[in-house]
């Protein structure tokens with residue numbers, strides 16, 4: 001696609017009305033742009049969304065603008081429910097040229113020696129360059145106004161890395177929502193410079209890019225991060241939130257009344273943060289991490305079952321404290337898993353500590369599984385030696 005295609009895409013976006021053209025630059029290899037829905041100069045709440053990998057003005061800007069408009073609408077709905085007359089502006093910022101053309105590889109083919117992980121030939125250089133421009137953009141919003149708005153930064157995929165790097169330079173951003181993130185370029189959330197408790201992460205089930213850790217640790221595992229839900233559920237405002245699955249289905253899509261209209265839990269939560277009402281957001285957890293807990297329990301169960309079959313009574317060879325420890329850990333893990341599956345609303349909304357506890361249980365379950373397998377192998381070897389001696 002050409003730069004003329006990009007200009008035509010911007011013109012179509014502007015023709016929708018209630019838009020502000022904040023940036024257009026055709027001097028680089030590709031045209032860059034930023035367009036707001038709403039009035040950035042007067043809005044009480046301003047959101048800046050940064051798309052990621054394979055995003056271009058010519059090819060995807062119109063779709064990004066649609067999603068930004070839907071985020072603004074959901075935010076206004078949240079404010080209306082709270083009897084607030086605050087106003088909202090939401091911006092699609094594509095003021096950099098994110099990587100395009102490279103194909104993200106499947107998880108099984110990730111190269112552990114490749115610094116970019118999932119992107120075979122892409123590092124963080126483009127994100128770092130974009131972060132300089134994005135940081136200036138954030139600060140420009142505050143500088144252009146008599147009073148600072150409540151400013152929220154949102155970043156998806158590679159755009160979350162760009163967002164994080166921009167925040168690390170010092171900005172006036174109050175909240176940040178990062179979703180489908182392959183890493184933040186830091187493992188210390190305080191480097192982002194936003195108030196404690198105001199870094200939010202969404203990770204959809206099946207989003208392996210968010211688990212790849214291509215540019216740092218999986219953000220969902222970082223201390224100081226608040227996880228937001230992305231699963232299907234009845235939301236606090238009484239509406240139904242649809243689940244997000246995979247890397248590219250976090251946001252609302254379509255128009256009300258359309259058969260393909262989607263209102264996601266993820267966008268509801270983003271809107272809660274943009275509205276400055278994080279207490280209305282639904283807390284979440286790493287859904288793929290929950291699968292890991294299940295897998296860890298299965299491994300442990302299989303290993304214990306295997307030793308039972310091989311030796312009849314493995315307790316004869318295990319010190320009582322070891323057998324008791326395995327049983328207690330498995331019981332705790334099963335209980336935590338059941339609590340999540342049957343009482344997740346209560347658990348995640350009201351008992352934040354349980355989230356960290358379940359992660360610890362998941363790690364413990366995996367350790368138990370590994371330990372049980374080792375015990376099983378040892379017991380089998382012992383049984384073989386005993387049997388050989390008898391013969």
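The values are calculated or read from the model by the stated rules, or taken from the named source; none is laboratory data. Predicted model, so just to flag it, every value in this text is computed and none were measured. Ideal geometry is used to build each Cβ from the backbone, glycine not excepted, and the neighbour counts take in all protein chains shown.
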ask   = What about residue 273, is it touching a strand residue (DSSP E or B) at 6+ places or on another chain (Cβ under 9 Å), touching a residue at least 40 places away in the same chain (Cβ under 8 Å) and crowded, with 17+ Cβ neighbours inside 10 Å?
value = yes
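Being at pLDDT 90 or above, in the same structural domain as residue 245 (by TED's automatic domain parsing), part of a strand (DSSP E or B) and within 16 Å of residue 51 (Cα to Cα) narrows it down to one of 132, 177, 126, so name that one.
Answer to the selection: 177.
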query = Would you say residue 8 is assigned by TED's automatic domain parsing to the domain that holds residue 162, touching a helix residue (DSSP H, G or I) at 6+ places or on another chain (Cβ under 7 Å) and farther than 22 Å from residue 156 by Cα?
reply = no
note = Filter the range 195-209 for residues that are surrounded by 22 or more Cβ atoms within 10 Å (Cβ to Cβ) and without any contact (Cβ under 8 Å) to a residue 60 or more places away in the chain; the one that is farthest from residue 135 (Cα to Cα) is 201
task = Tell me, yes or no, whether the range 27-48 has at least one residue that is part of a helix (DSSP H, G or I), in the same structural domain as residue 144 (by TED's automatic domain parsing), touching a strand residue (DSSP E or B) at 6+ places or on another chain (Cβ under 8 Å) and within 20 Å of residue 131 (Cα to Cα).
result = no
inquiry  = Against the condition touching a helix residue (DSSP H, G or I) at 6+ places or on another chain (Cβ under 6 Å) and under 25 Å from residue 45 (Cβ atoms), how does residue 181 come out, does it pass?
reply    = yes
key: Looking only at the range 212-225, and only at residues there that are surrounded by 19 or more Cβ atoms within 10 Å (Cβ to Cβ) and outside any loop (DSSP other than H, G, I, E, B), the one that is modelled with the highest pLDDT   = 219
key: Residues of the range 53-104 satisfying the condition of being more than 20 Å from residue 140 (Cβ to Cβ), touching a residue at least 60 places away in the same chain (Cβ under 8 Å), touching a strand residue (DSSP E or B) at 6+ places or on another chain (Cβ under 8 Å) and in a loop (DSSP other than H, G, I, E, B)   = 55, 86
